[in-house]
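The values are calculated or read from the model by the stated rules, or taken from the named source; none is laboratory data. Bear in mind the structure is a predicted one, so any value in this text is a computation, not a measurement. All Cβ positions, even for glycine, are placed from backbone atoms using ideal geometry, and neighbour counts span all protein chains on display. Calculation scope for accessible area: heavy atoms of the full protein, side chains included, ligands and nucleic acids excluded. Shrake-Rupley method; radii C 1.70, N 1.55, O 1.52, S 1.80 Å.
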Amino acid sequence: DAGITQSPRYKITETGRQVTLMCHQTWSHSYMFWYRQDLGHGLRLIYYSAAADITDKGEVPDGYVVSRSKTENFPLTLESATRSQTSVYFCASSESGDSPLHFGNGTRLTVT
Amino acid sequence: SQKIEQNSEALNIQEGKTATLTCNYTNYSPAYLQWYRQDPGRGPVFLLLIRENEKEKRKERLKVTFDTTLKQSLFHITASQPADSATYLCARVNQAGTALIFGKGTTLSVSS
C-alpha cells in the first residue's frame, strides 16, 4: 500500500548517543519534511527537502542532520542526543511545496 | 516573522452544535491556509485548503473561511458528533512557498 512509514515507532536512548529516525514514502513525492511536536509548542519544522540531494533548514535545525540520497527516504539523525530532544517526531511528504502534507504516525523519542 | 496562532487550546461543545475554531496569522497574507485533524497517537490528516482569493470553502459538514482584512481563518464543523473530537491544526505556507508553519492546535471535545 502507498503511504509514509516511520521507524521506529518508539525509541529510548541515552544522552550523547547518536540516533537515526527513518522515514520512507511510496508516492515518489518531491518534498519531504521533519517536524517535532511538543506540548506548548505544537509542530515545529526541523528540516525539509525539495528533492533528492536538496535539503534546507527549518525553524529548529540545531542538533539534527538530514540526508536525501533517494527520493523515497529522508532519515533524521540526532548526532549527540540531548534531553531537550525528547519529543514526538513526524515525517511528512507532499507533491510540491504548497500541496497538502501526508504525515507518518510519528516516532516517540525519549532521551534519558 | 511568520506567525500563526490558534487562540483556544480547548473547545468543549455538545453534540449537534456547530464548533467554530479560530486561526490568526501575522504579517503578510499567505497564499493559502490549510487545516488538519490530529487524533491521539497519530499524525495529522489534511482536511481543507483555502486560497487567499477564496472567501469560503466547504466539504461535507466542514466550512472554512479566509478573511485577509482580519488576518483570520475560521473553521466550522456543523452538526458536530463525538467522532469529531480531535485536535485541529491550521497551517500557513512560509514566504518561500516551500514549507508549512503550524499553529499549536485546538483540541475539540464533543459530548453526547
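Quick test for you: out of A:H41, A:H24, pick the one residue that is farther than 14 Å from A:L109 by Cα, open to solvent by 70 Å² or more (accessible area, probe 1.4 Å) and away from chain B (no Cβ under 11 Å). Before the answer, list the steps.
On the way: A:H41 fails: away from chain B (no Cβ under 11 Å).
The conditions single out A:H24.
Do the conditions hold for B:K104, that is, is it open to solvent by 70 Å² or more (accessible area, probe 1.4 Å), in contact (Cβ under 8 Å) with a residue 40 or more places away in the chain and more than 14 Å from chain A (Cβ to nearest Cβ)? Full working, then the answer.
On the way: open to solvent by 70 Å² or more (accessible area, probe 1.4 Å): yes; in contact (Cβ under 8 Å) with a residue 40 or more places away in the chain: yes; more than 14 Å from chain A (Cβ to nearest Cβ): no.
Taking the combined requirement at face value, the residue does not satisfy it.
Quick check: anything in region B:64-73 within 19 Å of A:F103 (Cα to Cα), hydrophobic (A, V, I, L, M, F, W, C) and out of contact with any Ser or Thr (no Cβ under 7 Å at 6 or more places or on another chain)? Can you show your working first?
Of all residues in region B:64-73, those within 19 Å of A:F103 (Cα to Cα) come to none.
No: zero hits.
Taking the residues in region A:60-87 that are closer than 14 Å to A:E14 by Cα and not hydroxyl-bearing (S, T, Y) as candidates, determine which candidate is surrounded by the fewest Cβ atoms within 10 Å (Cβ to Cβ).
For region A:60-87, the residue satisfying everything is A:R83.
Report whether or not A:A92 is in contact (Cβ under 8 Å) with a residue 24 or more places away in the chain, within 14 Å of chain B (Cβ to nearest Cβ) and open to solvent by less than 30 Å² (accessible area, probe 1.4 Å).
yes
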